[in-house]
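Asks: The structure is given below, and queries will be raised subsequently.
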Amino acid sequence: MNFLLLLLLIALPLIALACDIKATLKFNPKVKNGFARFKFFNETYGPVYEYREGENNLPQKFQMKGTFCNMKPTILETYEEDPRMPNITKPFKTTQAFLEGFGDMEYQIGDMNTPYVSSKIGVFCGFGDCGRG
Ligand SMILES: *[C@@H]1O[C@H](CO)[C@@H](O)[C@H](O)[C@H]1NC(C)=O
Ligand SMILES: *[C@@H]1O[C@H](CO)[C@@H](O)[C@H](O)[C@H]1NC(C)=O
């Protein structure tokens, strides 16, 4: 077998079993007051973003990086009350997907505070909301 081909066959799965994704979270102008939070594939939570109805809610940028990113889903949750309060246990709405790869991804909070994937480039996505992009 061709050595380069062999090398490629060994390297490809390794490349695919990692992720480095530049993500942006945007807020639709029609959002109601609420809170959004990511639960990453490594089962840790990202920061809580509060957004307000009728205000210019600025896009939030962050990075998701790691290995074996698609062993667990990456989940974007919305809440009507601050999830940092101990009595808030269940998200209002969620979107989840199993992600892998190197690229860019855009999430949005849309009408009725429904989260969704609005675009992705270079990101492999399976079993979930993989977006309209
Ligand atoms: C989990 O993944 C997120 C996104 O890549 C990262 O910001 C965070 O630091 C990670 N947490 C741990 C404990 O590795
Ligand atoms: C949670 O606790 C806060 C502060 O005590 C209260 O204002 C809120 O109504 C509670 N929410 C729920 C869903 O119980």
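Asks: Report, to the nearest 10°, how far helix 3-16 tilts away from the longest principal axis of the Cα atoms in the chain, using its own Cα long axis and a range of 0 to 90°.
Replies: Long axis of 3-16 versus the principal axis of the chain: about 20 degrees.
Asks: Taking just the alpha-carbon atoms of the range 3-126, what radius of gyration and Dmax come out, in angstrom?
Replies: Reported Rg and Dmax, both Å: 16.4, 60.
Asks: List the trypsin sites (Lys or Arg not before Pro) within the range 41-132 that DSSP assigns to loop and that have no more than 10 neighbouring Cβ atoms inside 10 Å.
Replies: Of the trypsin sites (Lys or Arg not before Pro), the ones in loops of the range 41-132 whose Cβ has at most 10 other Cβ atoms within 10 Å are R132.
Asks: Full-extension gain between N56 and S119, please, as 0.36 nm times their residue separation minus the C-alpha to C-alpha distance.
Replies: Once the chain is fully extended between N56 and S119, it gains 20.6 nm.
Asks: Might you list the cysteines of the chain that have no disulfide-compatible partner by the rule of another cysteine's Cβ under 4.7 Å?
Replies: Among the cysteines of the chain, none has its Cβ 4.7 Å or more from every other.
Asks: Under the rule that an exposed site lies in a DSSP loop and has at most 16 other Cβ atoms within 10 Å, name the longest stretch of the chain with no GluC sites (Glu not before Pro) of that kind, not counting the sites themselves.
Replies: Looking at the chain, 82-133 is the longest stretch - no exposed GluC sites (Glu not before Pro) with at most 16 other Cβ atoms within 10 Å.
Asks: Now for a separate question. Pop out the ³J(HN,Hα) list for the range 78-89 in order, Karplus 6.51 cos²θ - 1.76 cosθ + 1.60 with θ = phi - 60°, rounded to Hz; leave Gly and Pro as x.
Replies: 10, 9, 8, 10, 4, x, 6, 7, x, 8, 9, 10
Asks: Starting from 0.36 nm per residue, how many nanometres of slack lie between Q63 and F3 once their C-alpha separation is accounted for? Working shown, then result.
Replies: Working: separation 60, 0.36 × 60 = 21.60 nm, distance 3.51 nm.
Roughly 18.1 nm would be gained on extension.
Asks: If you don't mind, another one. Roughly what would the spin-label model give for E80 and T24, points 7 Å off Cα along C-beta, in nm?
Replies: 3.1
Asks: Next question, about the same structure. Before anything else, pin down the relative contact order of the chain: Cα pairs under 8 Å, at least 6 apart, normalised by residue count, whole percent.
Replies: Averaging sequence separation for qualifying contacts and normalising by length gives 27 percent for the chain.
Asks: Are there any chymotrypsin sites (Phe, Trp or Tyr not before Pro) in the range 56-93 that are in a DSSP loop and have at most 16 other Cβ atoms within 10 Å? List them by number.
Replies: Those that pass, being in a loop and sparsely packed, are F68.
Every read-out reported here was derived from the displayed coordinates using simple, explicitly stated rules and does not represent laboratory data. Just so it is clear, the model here is predicted, and its values are computed rather than measured. When we count neighbours, we look across all protein chains shown, and the Cβ atoms used for this are built from the backbone with ideal geometry, even at glycine.
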